[in-house]
Amino acid sequence: MNYQKPILTLSFLSILLLSFTPGKKTLSYDDYPVYSGSDLGVKYSPLKTVFKIWAPTASAVKLRLYEAGDGGKATQIIKLNKAEQGVWDITLNHDLKNQYYTFQACINGRWLQERPDIYAKAVGVNGKRGMVVDLRSTDPKNWAKDKKPALKNFTDIIIYELHIRDLSISPQSGIKNKGKFLGLTETGTKSPDGESTGLDHIKALGVTHVHLLPSFDFNSIDETKPDAKYNWGYDPLNYNVPEGSYSTNPYNGNVRIHEFKQMVQTLHANGLRVILDVVYNHTSDTASNFNHFVPGYFYRHTQKGAYSNGTGCGNETASERAMMRKYMIESVVYWAKEYHLDGFRFDLMGVHDIETMNDISAALHKIDPTIFIYGEGWTAGNSPLAENLRAVKVNASKLDKIAVFSDDMRDGLRGGWSDVKAKGFVSGAPGTAESVKFGIVASTQNAQVDYSKVNYSKASWAAQPYQTINYVSCHDDNTLFDRLKISNPDASEADLIKMDKLSNAIVLTSQGVVLLHAGAELLRTKQGVANSYNSPDSINQIDWSRKAKYKEVFNYYQALVALRKAHPAFRMPSTEMIQNNLRFLDTNDANVIAYRISGNANGDSWKNILVVLNGSTTDKTIKIPAGNWTLAADGNTIAEKGIKQVSGAELPIAATSAYILYEQ
């Protein structure tokens, strides 16, 4: 979910009223011409540059050229030619490399504001002017040889959700390029306590993918004063351009592109794939680049003609409309090809229609079958698009190779999102076990799950396990440690740590795809601030001093990740395999879950695995299957080679802990 106050300036509102009146259109949006080419935007070569935009209701379009990305007067003003299918274009036959530009459309007799085209790939400071870019000149050395880390199955993925600025901005990060893309390229960085930070820390943790919160050009940060204000970035401005405040020089349109590529290249070289958080569901406000060229078209509207608001941000885009669908597909394809990205996380994916999401999947997987796509399967408000057409969680099985976040598992573990004081399974709340079991089998069909007792979903929604993202915390809402502290005000820190460790022990041993919130392994706190989208660095930064203070917690997380990666039984790629190999055991206790994975599942070296999860605040004893079991994990230690041998029919389980046993 995103948090952004909608803004509509009075000057632009007056322009819209002159150029576009919902409910009184003489031409339906469905009747607008659809451009069939794939060359919208600005195409550069040393001999010529082609400018081409789609503005079907315009009566004239001007191109202005500038020497700089801000300030100064236009060096040229050129009229574009009207072409077919709503397109306006012009070809200039000389070298325009690094020249800045704007377009301006005249609609219903009124000239709208100068803006970059919606396909702009480079911009000046604060994104107000586009830049003619020679993309090959922005490539780092050996960029053509950049190689992605291997990926066999989507269920092998362990995601680390990260905000660029949060990682490095702390004075204790030891990172030189604080708050920048380049901060993720630095190695050998350490905290004052001598603990590794940044890239080295992420690599040592063992995750497979880094999920970057919005890193395209967003609206809320003044790039001339990048330290003056903080934002998560869920307020899109120029979708196809990296954010300038994360670059070392936002004034030169080449720099942010080059440094973003450097970051991707370095992460790949260190065994990490890269996912970009994309926000096509709404724009920063309705005074957007979309509305300056085709007023109203790219948005949904209510029956009364107002902007619909399924995003909670004042507007929602119309993904089902031909040119918006085309734009989304071409945009992600551009990012995948130009920036070598390995995945995309769709913000409020439930706003988008299923057909568009499946077309996106087809286009991306034609480029690279290992690209991973996932999103939030919900909206933040009502949408005029019928729910059966939307990419919401209940329709996940209709999505092709696209995963959805499981709020069922999340809230079953920690407590419901609507009541921050609510407890979950890890703090002994009754009635939560079935929601956790639902997550353990990755939201797939399973005869042993009582769906009537699952918190939100009363039926399975994932066709295959890779369609479920299991997690217990992310950037939204409180950090895991803060949430547990708020909902368990009388618990000691030692008990809160047990709950924290149990939470992600369950996530990391469940089927499906795993997501960890950056800093969870350090018991990250945002000082109780949940919606920290515009809170200062003091709230959002990763406090690297916590690594030394809670080193035992980091070691536990690290060992959990290693255990998951070493044992494919926790990463079964098909629903059928889960159904055949995973069986829940009857514990006769509402706060204890136990299950057995048998038959060297998914080629595992362990023949049988027993997982026992005690969410109770008291010690328990359960009956276990006969066999020669080796204890590999308890609430304190994870040791793949074994902590001790276990014999007998009963096993004592410490309060608030996860035990893992195996037979070879």
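The values are calculated or read from the model by the stated rules, or taken from the named source; none is laboratory data. As the structure is a prediction and not an experimental result, all values here were calculated from the model. Backbone-built Cβ (ideal geometry, glycine too); neighbour counts: all protein chains shown. With ligands, DNA and RNA removed, areas are computed over all heavy atoms of the protein, side chains included. Shrake-Rupley method; radii C 1.70, N 1.55, O 1.52, S 1.80 Å.
Would you confirm whether or not the stretch 627-646 contains a residue that is in contact (Cβ under 8 Å) with a residue 24 or more places away in the chain, on the phi > 0 side of the Ramachandran plot, touching a strand residue (DSSP E or B) at 6+ places or on another chain (Cβ under 7 Å) and open to solvent by less than 50 Å² (accessible area, probe 1.4 Å)? Yes, the stretch 627-646 contains a residue that is in contact (Cβ under 8 Å) with a residue 24 or more places away in the chain, on the phi > 0 side of the Ramachandran plot, touching a strand residue (DSSP E or B) at 6+ places or on another chain (Cβ under 7 Å) and open to solvent by less than 50 Å² (accessible area, probe 1.4 Å).
Answer yes or no: is there a residue in the stretch 73-80 that is open to solvent by 40 Å² or more (accessible area, probe 1.4 Å) and under 19 Å from S38 (Cα atoms). No, the conditions are met nowhere in the stretch 73-80.
In the stretch 54-72, the qualifying residues are those that are closer than 27 Å to V255 by Cβ and in contact with a helix residue (DSSP H, G or I) (Cβ under 8 Å, 6 or more places away or on another chain), and the one that is surrounded by the fewest Cβ atoms within 10 Å (Cβ to Cβ) is D70.
Restricting the stretch 222-281 to residues that are hydroxyl-bearing (S, T, Y) and in a helix (DSSP H, G or I) leaves a set whose member that is farthest from K180 (Cα to Cα) is T266.
Could you check, for the stretch 181-188, whether at least one of its residues is of a type in the set (S, T, Y) and out of contact with any helix residue (DSSP H, G or I) (no Cβ under 6 Å at 6 or more places or on another chain)? No, the stretch 181-188 contains no residue that is of a type in the set (S, T, Y) and out of contact with any helix residue (DSSP H, G or I) (no Cβ under 6 Å at 6 or more places or on another chain). Pairs meeting the criteria (first residue in the stretch 507-525 and free of Cβ contacts under 8 Å to residues at least 60 places away in the same chain, second residue among the small types (G, A, S) and assigned to a loop (DSSP other than H, G, I, E, B), beta carbons under 7 Å, at least 6 apart or on different chains) are A520/S473. Only one of (1) surrounded by fewer than 24 Cβ atoms within 10 Å (Cβ to Cβ); (2) over 24 Å from the mean Cα position of the chain (by Cα); (3) not aromatic (F, W, Y) fails for N291. Which number is that? Every listed condition holds for N291 apart from (1).
The single residue among S616, S657 that is touching a Gly at 6+ places or on another chain (Cβ under 7 Å) and buried (at least 22 other Cβ atoms within 10 Å of the Cβ) turns out to be S657. Sub-7 Å Cβ pairs linking a first residue in the stretch 182-206 that is basic (K, R) to a second residue that is in a loop (DSSP other than H, G, I, E, B), at least 6 apart or interchain, are K190/G174; K190/T197; K203/N270; K203/G271; K203/L272, ordered by first then second residue.
The single condition among (1) farther than 25 Å from M357 by Cβ; (2) not in a helix (DSSP H, G or I) that K401 does not satisfy is (1). Of all residues in the stretch 166-189, none satisfies being under 14 Å from A269 (Cα atoms), of a type in the set (V, I, T) and open to solvent by less than 30 Å² (accessible area, probe 1.4 Å).
Taking the conditions exactly as written (at pLDDT below 95, closer than 30 Å to P214 by Cβ and not in a loop (DSSP other than H, G, I, E, B)), does L16 satisfy them or not? Taking the combined requirement at face value, the residue satisfies it. The requirement of being open to solvent by 10 Å² or more (accessible area, probe 1.4 Å), within 22 Å of D353 (Cβ to Cβ) and of a type outside the set (F, W, Y) is satisfied by G305.
Looking only at residues of the stretch 409-430 that are touching a residue at least 60 places away in the same chain (Cβ under 8 Å) and closer than 24 Å to I597 by Cα, we find that the one that is surrounded by the most Cβ atoms within 10 Å (Cβ to Cβ) is V426. Taking the criterion of being part of a loop (DSSP other than H, G, I, E, B) and of a type outside the set (G, A, S), the residues of the stretch 282-296 that qualify are H282, T283, D285, T286, V294, P295. For the condition modelled with pLDDT under 95 and within 22 Å of N470 (Cβ to Cβ), what is the one hit in E576, E640, E650? After applying the criteria, what remains is E640.
Does K485 qualify as being part of a loop (DSSP other than H, G, I, E, B), open to solvent by 50 Å² or more (accessible area, probe 1.4 Å) and not β-branched (V, I, T)? When the stated conditions are applied, K485 does not pass them.
Of all the numbered requirements in (1) more than 25 Å from D156 (Cα to Cα); (2) in a loop (DSSP other than H, G, I, E, B), S452 misses one, and that requirement is (2).
Would you check if T468 is more than 22 Å from V210 (Cβ to Cβ), buried (at least 23 other Cβ atoms within 10 Å of the Cβ) and either at pLDDT 95 or above or hydrophobic (A, V, I, L, M, F, W, C) (or both)? The answer is no for T468. Going residue by residue through the stretch 28-35, is there one that turns out to be modelled with pLDDT of 95 or more, in contact with an Asp or Glu (Cβ under 6 Å, 6 or more places away or on another chain) and surrounded by 14 or more Cβ atoms within 10 Å (Cβ to Cβ)? No, the conditions are met nowhere in the stretch 28-35.
Could you go through the stretch 594-612 and let me know if any residue there is open to solvent by 20 Å² or more (accessible area, probe 1.4 Å) and within 18 Å of G439 (Cα to Cα). Yes: the stretch 594-612 contains one or more residues that are open to solvent by 20 Å² or more (accessible area, probe 1.4 Å) and within 18 Å of G439 (Cα to Cα).
Restricting to the stretch 84-131, what's the tally of residues that are within 21 Å of F260 (Cβ to Cβ) and in contact with an Asp or Glu (Cβ under 9 Å, 6 or more places away or on another chain)? Break it down stepwise before answering.
Step one: filter the stretch 84-131 for residues within 21 Å of F260 (Cβ to Cβ), giving 97-98, 100, 116-131.
Subset that is in contact with an Asp or Glu (Cβ under 9 Å, 6 or more places away or on another chain): 97-98, 100, 119-121, 123-130.
The total comes to 14.
Would you pick out the residues in the stretch 308-320 that are open to solvent by 10 Å² or more (accessible area, probe 1.4 Å) and closer than 25 Å to E114 by Cα? Residue satisfying the conditions is G314 alone. The condition of being open to solvent by less than 30 Å² (accessible area, probe 1.4 Å), among the small types (G, A, S) and either in contact (Cβ under 8 Å) with a residue 40 or more places away in the chain or farther than 29 Å from H340 by Cβ (or both) does not hold for A380. Checking V264, V255, V351, V332 one by one, the residue that is closer than 30 Å to K62 by Cα, among the aliphatic types (A, V, I, L, M), at pLDDT 95 or above and surrounded by 24 or more Cβ atoms within 10 Å (Cβ to Cβ) is V332 and no other. Can you tell me which residue is farthest from T286 (Cα to Cα) among those in the stretch 89-140 that are of a type in the set (G, A, S) and surrounded by fewer than 23 Cβ atoms within 10 Å (Cβ to Cβ)? Here the answer is S137. With respect to the conditions (1) in a helix (DSSP H, G or I); (2) within 30 Å of N231 (Cα to Cα), I542 lacks only one, and its number is (1).
Only residues that are part of a loop (DSSP other than H, G, I, E, B) and either among the charged types (D, E, K, R) or modelled with pLDDT under 95 (or both) were counted across the stretch 86-112, and they come to 2.
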